[in-house]
1. Computed FRET efficiency, Cβ-Cβ of Arg111 and Ser457, R0 30 Å: what is it to the nearest 0.05?
2. Given R₀ = 51 Å, FRET efficiency for Asp450-Phe606 by Cβ-Cβ distance, to 0.05?
3. Find the centroid of the Cα atoms in the range 320-378 and in the range 384-446, then give the distance between the two in whole Å.
4. Past the 15 angstrom mark, what percentage of all C-alpha to C-alpha distances in the range 313-363 do you count?
5. Modelling each spin label as a point 7 Å along the Cα-to-Cβ direction, I'd like the Ser478/Thr548 distance in nm, to one decimal.
6. Mind computing the radius of gyration and Dmax over the alpha-carbon atoms of the range 112-188? Å is fine for both.
7. Angle between the Cα long axis of helix 618-629 and the longest principal axis of the chain, 0 to 90 degrees, nearest 10?
8. Please work out the Kirkwood hydrodynamic radius for the range 380-454, using every pair of different C-alpha atoms, and report it in angstroms with one decimal place.
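Rule-based calculations on the coordinates, nothing more; no lab input. This one's a predicted model, so the numbers in the text were calculated from it and none came from an experiment. Cβ sites come from the backbone with ideal geometry, for glycine too, and all protein chains shown count toward neighbours.
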Amino acid sequence: MFSSRRVGFCLGVAISIVAFCALVIAQQTPLRSITYKLSMSRPVSHLFEVAIEIELPDELKDKRVELQMPKWSPGRYAVFDFAKNVQEFRAVAGICPPQAQCKMSPRPVRRVDDQTWEVDPQSSSSLTINYKVFGNDLSGTFSQLDERHANYNGGSIYMYVVDHKPDPVKLVIDPPRGWKIINGRMQRPGQTEWQFANWDIMIDTPTEIAPDWTVDEFQVDGKKYHVMVHSFGPEGGKRPALVRDIEKIVRAETAMWGPPEFDEYTFLIHFAADDESGDGMEHLTSTQIIESGALGEPGVYDGALDTVAHEFFHVWNVKRLRPFELGPWDFTRDLATRGLFIAEGFTNYYGHLMSRRAGLWDDARFLRRESRTISSIENAPGSRLMSAEESSLSAPFLDDAPHAQKTNLENTSISYYPKGELIAMVLDLLIRGRSDSKHSLDDVMREMYDEFYVKSSNNSYYLRGRGYQPEDLQRVASKVVGMDFQNFFDRYVRSTETLPYDEAFAVVGLRVNKVQLKEPFNAGMSVQFDDPRAPMIESVENDSPAETAGLQSGDQIMQLAGRPPGKDDWLQTLARFKTGQSVPITVKRNRRTIKTSLVLGEPERFEYRIEELTGATPEQKRMRGAWLNGK
Ligand SMILES: [Zn+2]
Ligand SMILES: [Zn+2]
């Protein structure tokens, strides 16, 4: 039944996805059942214990079963190879009923490659696979088990059965005594068993298990929202206000999109109080948010709301309205999509705009935030080399990716988050201007959601609708506004031309003012003072005085202008010299001491400020109000 439907779809699609279709057609008869059982008998060991019970149809009893740990997980595009934390993989014939003591015979296991284990059932009609996974990272991608809690993201814990990712799966969690479970798929309190349509949906359901989290609730448009908070530091009495402000964000974003598709949604929020963990990750009916401070500490409250505004926008943009390549996924290799500047960058823009529309920020704060984004992009040398689409394709290198090899990405890359944010803002303002305020990017996003998610036929087992390509956004924008956007996409999305800020901001009576950066010139090097006695050059800009002087990242600065540099005064030391003058610098590289000179050039860093346009008309101001208030 499944295979005939899938073949029918595949015959009708373009050659570019033939490989994907071959994969789907190779889909086996579904297994009779797949049940995941998760336990955690020794939290201090950081070892999650996973059992996978599989019932095989007769025709598969004599075929080997492959189990695979994904190389990465959706929402973060760097390859992390979760298999590295798997240990003690075993297989036995049969399934032992709950509470029973069973003597089960082992089945042969062979490690096939870095992510795959193969089990020979030897004619047994069922198998139980056991393994353990080490997890001690609190994040939106990895998992953590310790004496305080278990917080997991399924992709880093659960293997899938190769060729059976579309099969329905059951999950049973056995928590430590006194620990409570919560995730975005709770049907009742105290629930310990779940049925998922497929493995992809199971790993889209991050789960928190602990004795002492709190949950607050509110309703918007008849939908129920749960705010789980697990605090590892003082909350300073701020939790009730936090929940009220989250509700304002939900109201602002649902006002733009209309009521979301789900009945219930769960915010899983950690205040880690470790100055280290920090993350946000989107899911279909939940989000994982981790702040590195304690809720009671200055700035942490605002940081959490900023993340909430971004992650909740993903309910529509990326989780449902998604680039073509985002689901179902191939977890054996990294992902290539040109659409992350829309999926993440547009979400960055709307996260900030929604904080304004929700009343959490005033106009000035929103414009300051966007000014900072413009400055970061326009000062980045990578802006001249890497387009928004190319940045999206480079996500596996950029997205918190670990690098064993030294790279020049600091000089050659830009992030699709801020670049996409600026493309969205400029596009939004141009649409408003060209349509005489009749349309906005909000209309384009709603039209995209309608066409690709609500009205499209499904193109996979995974989720309703189908994915888009960046050309689809161009087409839909052109259709909504009645004006061709090919030129815009060619110049600012596929190439590296500077965005037309002046034209865009003039629509709402604003301008971008470029002023010399106030902070002293850094000669093209960034310096980190993790060890104040051994300041280290972190990165060197291409074609800068630092590069010309032969300095490298990793060099330890011994002397700058005759004295050891301090975190608070090294820039002032440089500022005492004029353009063209030499500043002596001594660095230590490995066991060598190197003396050289920085010949200071003209500083080329600027600050960009969005400011009032002189003589802005009432009409321009009205359009600004409509933009910022979402009217
Ligand atoms: Zn927790
Ligand atoms: Zn995001």
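1. 0.15
2. 0.80
3. The range 320-378 and the range 384-446 have Cα centres separated by 8 Å.
4. Numbers: 680 of 1275 pairs.
That fraction is 53 percent.
5. Spacing of the two 7 Å Cα→Cβ label points: 4.6 nm.
6. Answer for the range 112-188, Rg first and Dmax second: 15.2, 43 Å.
7. 30 degrees
8. Radius from the Kirkwood sum: 14.5 Å.
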